[in-house]
1. Would you point out which residue out of Ile17, Ile65 is more than 29 Å from Ala208 (Cβ to Cβ) and in a helix (DSSP H, G or I)?
2. Does at least one position in the stretch 108-129 carry a residue that is in a loop (DSSP other than H, G, I, E, B), in contact with a Ser or Thr (Cβ under 6 Å, 6 or more places away or on another chain) and at pLDDT below 95?
3. Are any of the residues in the stretch 68-91 in contact (Cβ under 8 Å) with a residue 12 or more places away in the chain, over 30 Å from Ala206 (Cα atoms) and not assigned by TED's automatic domain parsing to the domain that holds Val299?
4. I'd like to verify a number: residues in the stretch 157-173 that are among the hydrophobic types (A, V, I, L, M, F, W, C) and buried (at least 18 other Cβ atoms within 10 Å of the Cβ), how many?
5. Would you point out which residue out of Pro436, Pro400 is assigned to a strand (DSSP E or B), surrounded by fewer than 12 Cβ atoms within 10 Å (Cβ to Cβ) and outside the structural domain of Phe59 (by TED's automatic domain parsing)?
6. Taking Gly335, is it at pLDDT below 95, surrounded by fewer than 17 Cβ atoms within 10 Å (Cβ to Cβ) and part of a strand (DSSP E or B)?
Amino acid sequence: MRDWVYSLSVKGRFQRIHRWTGLALQAFLFGTPWIMVAGHPAVQFDIGAGRAFLLGNVFTPRDTIFLVLLGLFAAFSLFFFTALYGRLWCGYACPQTVFLEEWVRPIETFIEGERGVRRARDQRGWTFDRIWRKAAKWSAFAVLASVVAMTFVSWFAGARPLWSGSASVAAYGFTAFFAVTMFLDFAWFREQFCNYLCPYARFQGALADDGSLVVAYQAELGEPRQSRSTRVSKAKAAAAPPVAVAPVAPVVAVAAVAPAEVEGEGRCISCDKCVAVCPQGIDIRQGFQLECITCARCVDACEGVMQKSGYAESLIVYKPLVKQPAVRPRTIAYGTLLTGLAVAMGVLLAGRGELDATVARAPGTLYTVDTDGWIRNTFLLRVSNDSLEPIDISVTALLPGAELLVPPMHVAAAASGMAPVVVRIPPGGSEDRTLPLVLVVSAGDTHVDVRTTFKSGG
């Protein structure tokens with residue numbers, strides 16, 4: 001039986017960081033599909049056409065190496081920052097965390113109230129008050145899930161076609177699938193995704209080490225815990241004026257020691273606010289746990305309580321399990337790999353051209369002898385234009401005495417074109433059965449050499 005997590009709202013300095021990172025990520029997610037560069041989306045993964053647009057560049061299946069390098073770079077970046085800062089991704093950049101913190105929980109609190117109110121209403125069963133609030137909340141979640149799903153699919157199908165109703169049936173089918181999945185996540189699954197499905201949560205223990213930052217409870221300051229009533233009684237006793245005693249001896253005034261000046265006295269008052277605000281439903285005072293996403297809600301909650309109690313320091317802080325230098329074998333290895341991958345991508349991008357051509361022999365005979373005695377080879381030339389401008393193609397054959405027949409070829413921006421190419425040599429032009437042939441494919445000042453062979457039948 002699932003123990004439903006009722007998380008309490010909290011404010012603090014780390015939650016302000018959450019807000020800004022969440023706004024930046026949402027601006028990127030929702031805004032990028034609508035930004036156009038030379039008539040094409042700034043970012044789009046057009047799977048149907050086998051191409052991707054990225055900030056004015058077009059990538060096709062021949063650029064698979066960039067996809068591999070980008071994936072490796074993202075993976076090792078995750079490893080590198082996890083080794084330094086722990087689950088930074090989970091707490092501040094994961095879409096699951098961003099949407100739950102910025103949309104789902106605020107909507108839930110606005111409609112159903114705070115933690116205690118929600119829990120009490122749910123425990124009373126299905127009353128009219130609970131039914132209409134649940135219906136309103138789930139309706140808001142459905143709208144949110146639909147908008148997010150449409151935005152996500154816009155990265156693949158294009159924002160304008162999708163939102164105008166002119167996209168393919170498959171695009172709307174995927175949109176419906178993602179909308180239903182996200183609605184179930186917002187309304188019910190929530191923290192279970194982090195605990196049971198997210199692969200990063202499963203292997204992050206192997207990525208981090210004792211020097212990685214984690215959210216930790218300072219037991220040396222908080223233990224032994226005291227109840228709130230005990231703390232209040234002690235505070236009243238410390239603040240009470242000295243009781244008058246018969247003047248047998250001079251009364252010596254003893255200054256009360258401020259609580260903040262005493263270390264290790266058991267500062268935790270067992271308010272359990274750190275548990276109440278945790279979106280994962282854990283008690284961080286029990287030690288490091290894999291379920292913790294290091295969102296720092298408990299840090300902000302405890303900091304507020306400690307300030308009211310007269311202490312400047314929170315009992316829950318970001319700190320490594322064992323203090324270690326940032327430069328250590330694990331971070332050196334990850335940093336070296338990241339540098340190597342970045343250099344490799346830079347070199348390949350610098351040498352990447354926007355024109356690509358391949359040639360294949362047309363199906364049928366290797367060669368044909370025409371009625372005039374000339375020997376003919378027929379090829380199929382495929383040209384890919386990876387620029388955002390249309391191009392006109394010209395072809396030249398580097399073969400002594402050869403005659404070239406090729407129709408005019410115009411290739412649209414970010415598209416491919418195919419045309420037949422006929423190469424002929426006069427009779428007796430060569431005694432070699434196979435001749436090297438180079439087709440020079442040009443578009444303006446750009447050209448590529450395509451190497452193949454000519455079959456002469458010599």
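The values are calculated or read from the model by the stated rules, or taken from the named source; none is laboratory data. It should be emphasised that the depicted structure is a prediction, and the values quoted were computed from it without experimental measurement. When we count neighbours, we look across all protein chains shown, and the Cβ atoms used for this are built from the backbone with ideal geometry, even at glycine.
1. From the options Ile17, Ile65, the qualifying one is Ile65.
2. So far as the stretch 108-129 goes, no, none of its residues is in a loop (DSSP other than H, G, I, E, B), in contact with a Ser or Thr (Cβ under 6 Å, 6 or more places away or on another chain) and at pLDDT below 95.
3. For the stretch 68-91, residues in contact (Cβ under 8 Å) with a residue 12 or more places away in the chain, over 30 Å from Ala206 (Cα atoms) and not assigned by TED's automatic domain parsing to the domain that holds Val299: absent.
4. Number of matching residues: 5.
5. After ruling out the rest, the residue left standing is Pro436.
6. Taking the combined requirement at face value, the residue does not satisfy it.
Yes/no per residue for (1) of a type in the set (D, E, K, R); (2) surrounded by fewer than 16 Cβ atoms within 10 Å (Cβ to Cβ); (3) over 26 Å from Phe81 (Cβ atoms):
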| position | (1), (2), (3) |
| --- | --- |
| Ile284 | no, no, no |
| Phe288 | no, yes, no |
| Thr294 | no, no, no |
| Cys298 | no, no, no |
| Met306 | no, no, yes |
| Tyr311 | no, no, yes |
| Lys319 | yes, yes, no |
| Val322 | no, yes, no |
| Pro325 | no, yes, no |
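Listed here are the residues, each with its yes/no results for (1) outside the structural domain of Phe152 (by TED's automatic domain parsing); (2) more than 30 Å from Asp272 (Cα to Cα); (3) at pLDDT 85 or above.
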position	(1), (2), (3)
Arg2	yes, no, no
Val5	yes, no, yes
Leu29	no, yes, yes
Ala38	no, yes, no
Ala42	no, yes, yes
Ala49	no, yes, no
Leu54	no, yes, yes
Phe59	no, yes, yes
